[in-house]
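Colleague: Once you've had a glance at the structure underneath, I'll fire off some questions.
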Amino acid sequence: MAGECGGRNESTIENLLARARRDLSSALGLQSVEARIEAQALLRHALGDVSGAYLIAHESETVSAEQHSLFESMLERRLKGEPIAYILGKREFYGIDFRVSPDVLVPRPETELLVDLALERIPEKGSFRVLDLGTGSGIVAVSIARHRKNALVTAVDKSSRALQVARDNGKDLANIRFVESDWFESLVGEHFDLIVSNPPYIAEGDGHLKDLKFEPICALSSGPDGLDSIRKIIEDAPGYLEPGGWLLFEHGFDQGASCRMLLSKKFADTGSWRDISGIERVSGGRRLT
Ligand code: GLN
């Protein structure tokens, strides 16, 4: 097989992909389909964002020395466990390509549930104010703003570096504004019709955090039971919501009951919703009038 006997200087597209697939499978335990997808994504990027069809059509061609070394350095980072989204600088979410960097969380597919639930509650006409707390890369705020041009979305984060990424992701939209704010701190006196958030919710010291070591810890973990940020949001949100307005937030797989309990003191119609894996992932309620 060409891939098996390819020497070091045989940097054809086919050989590079075959070796990268083997390395990705053995170093990260990726299944063969996943290893193929990642190898192709890295090489497409190294070749200047060419299409998947380009790789197939040119598989016996040799890449330039510069492209080869760029590919090797990206592969090296991935083999050490860095998320591929950081290496490529982008990740798809809600059908849109978002820029991401190590200053923000890698977008997760389960967060699309939060966008779905928000959109169900935002009319397609008329003014409507949405607040996204801890926007990070801006995926939730930007997805909402794109689908509801009539809504004005305010996206806040306490990290100015995260906000730079979010601003870039929202640069084509006129109905979104970005504010540097530690939760509600810079929003005193403002009121919203809907508040959404994907806050940090993993418990400090949770073993799961070691698998997430490339991502910003302040976006992941919050207090001994992981609920510190959620408690703060539930506590303060009624003061910033219009009567009857919804609060919706993402949480961990085992936090649904605790979140409903916290919500029940200040909110009506409280509930939890399951993500694509059947896990309670978002909880919320409406401000009591
Ligand atoms: N869903 C992420 C995880 O458990 C955590 C995201 C968050 O804390 N908001 O990997």
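The values are calculated or read from the model by the stated rules, or taken from the named source; none is laboratory data. The structure presented is a predicted model; accordingly, all values stated were derived computationally and were not measured. Note that we place each Cβ from the backbone using ideal geometry, even for glycine, and neighbour counts take in every protein chain shown. Surface accessibility is based on the protein's heavy atoms, side chains included, excluding ligands, DNA and RNA. Shrake-Rupley method; radii C 1.70, N 1.55, O 1.52, S 1.80 Å.
Colleague: Compare the peptides 160-166, 251-257 by average per-residue count of other Cβ atoms within 10 angstrom and give them in order, highest first.
Modeller: Packing proxy ranking, top to bottom: 160-166, 251-257.
Colleague: What lysines does K266 reach when the alpha-carbon gap must be under 30 Å and sequence neighbours fewer than 8 apart in one chain are set aside?
Modeller: K125, K158, K232
Colleague: Mind checking which lysines have their Cα closer than 16 Å to the Cα of K90? Skip sequence neighbours fewer than 8 apart in that chain.
Modeller: Straight-line reach from K90, under 16 Å: K171.
Colleague: Calculate the dipole size of the chain relative to its Cα centre from +1 charges on Lys and Arg beta carbons and -1 charges on Asp and Glu beta carbons; express the result in debye to the nearest 20.
Modeller: 500
Colleague: Something else: Rounded to a whole number, what % of the accessible area of the range 4-81 do carbon and sulfur atoms account for, probe 1.4 Å?
Modeller: Using a 1.4 Å probe with all protein chains present, the range 4-81 comes out at 48 percent carbon and sulfur.
Colleague: Rounded to the nearest percent, how much of the accessible area of the range 96-287 (1.4 Å probe, protein heavy atoms only) is carbon and sulfur?
Modeller: Carbon and sulfur atoms account for 49 percent of the accessible area of the range 96-287.
Colleague: Just how many % of Cα pairs in the range 4-81 lie over 17 Å apart, if you round to the nearest whole percent?
Modeller: Value for the range 4-81 (Cα pairs over 17 Å): 38 percent.
Colleague: Using only the Cα atoms of the range 121-191, build the gyration tensor, take square roots of its eigenvalues as a ≥ b ≥ c, and label the shape rounded, prolate or oblate: rounded if a/c is under 1.5, else prolate if a/b is larger than b/c, else oblate.
Modeller: The shape class here is oblate.
Colleague: Using Cα-only point scatterers and the Debye equation, what is log10 of I(q)/I(0) for the chain at each q in 0.11 Å⁻¹, rounded to two decimals?
Modeller: At q = 0.11 Å⁻¹ the computed log10 ratios are -0.70.
Colleague: To check you understand DSSP bridge types, tell me what percent of the beta bridges within the chain (both residues inside) are antiparallel, rounded to 5.
Modeller: DSSP beta bridges in the chain are roughly 45 percent antiparallel.
Colleague: Right, something else. Taking a ≥ b ≥ c as the square roots of the Cα gyration tensor eigenvalues, with a/c under 1.5 meaning rounded and otherwise prolate when a/b beats b/c, else oblate, which class fits the range 170-289?
Modeller: Because a/c hits 1.5 or more and a/b fails to exceed b/c, the range 170-289 counts as oblate.
Colleague: Something else now. Roughly how many Å² is the accessible area per residue of the chain, as a whole number, for a 1.4 Å probe?
Modeller: 49
Colleague: Taking just the alpha-carbon atoms of the range 27-167, what radius of gyration and Dmax come out, in angstrom?
Modeller: 18.3, 56
Colleague: Then there's this: Please go through the range 85-153 and write out the GluC sites (Glu not before Pro) that DSSP classes as loop and that have at most 11 other C-beta atoms within 10 Å.
Modeller: Sparse-neighbourhood loop GluC sites (Glu not before Pro): E124.
Colleague: Another question, then. Taking the Cα centre of the range 1-122 as origin and charging only Cβ (+1 Lys, Arg; -1 Asp, Glu), how large is the dipole, in debye to the nearest 20?
Modeller: 220
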